[in-house]
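None of the figures in this text is laboratory data; all of them are computed from the coordinates on show. Fair warning: this is a prediction, and the values are worked out from it, not measured in the lab. Every residue, glycine among them, receives a Cβ derived from its backbone with ideal geometry; neighbour counts consider all protein chains shown.
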Amino acid sequence: MPNFDHIKIKRLLKAYPKEVSETYTYSRGILKNKLPEEILSNWENVGLGIAQENTHSWECALSFFKVSVEVQQ
């Protein structure tokens, strides 16, 4: 799996419904203060990978980004 920086990930997520990018941005804003950079980078790349799996996998990525903040706490 490629390892993109958060700027590229945010740009790539724009290919999906707006809610995916918005949820990613919201969750990342919280997690960046709680997770080491390496884990944060892995988290966002996993989410992007989920979104890219197939036509409707963006829905799974959306759920992944939504619950990540709750799971981390």
- Return the label of the correct value of P(r) over Cα pairs in 10 Å bins from 0, in percent, as calculated from the structure shown, out of (1) 22, 52, 21, 6; (2) 16, 41, 39, 4; (3) 21, 60, 18, 0. (3)
- Query: Can you give the angle from 0 to 90° between the axis of helix 58-72 and the longest principal axis of the chain, with both taken from C-alpha atoms, to the nearest 10?
  - Reply: 10
- Task: Give me the lysines in straight-line cross-link reach of Lys34: C-alpha distance below 23 Å, same-chain residues under 8 apart excluded.
- Result: Lys8, Lys10, Lys66
- Query: For the chain, what is the charge dipole size about the Cα centre, in debye to the nearest 20, if Lys and Arg each add +1 at the Cβ and Asp and Glu each add -1 at the Cβ?
  - Reply: 240
- What helix-only [θ] at 222 nm does the chain give? Using -39500 (n - 2.57) per DSSP H run of at least 4, over all residues, to the nearest 500, the answer is -22500 deg cm²/dmol
- Calculated from backbone phi, Karplus (6.51, -1.76, 1.60) coupling profile of the range 15-20 in Hz, x at Gly/Pro: 6, 10, x, 3, 4, 5
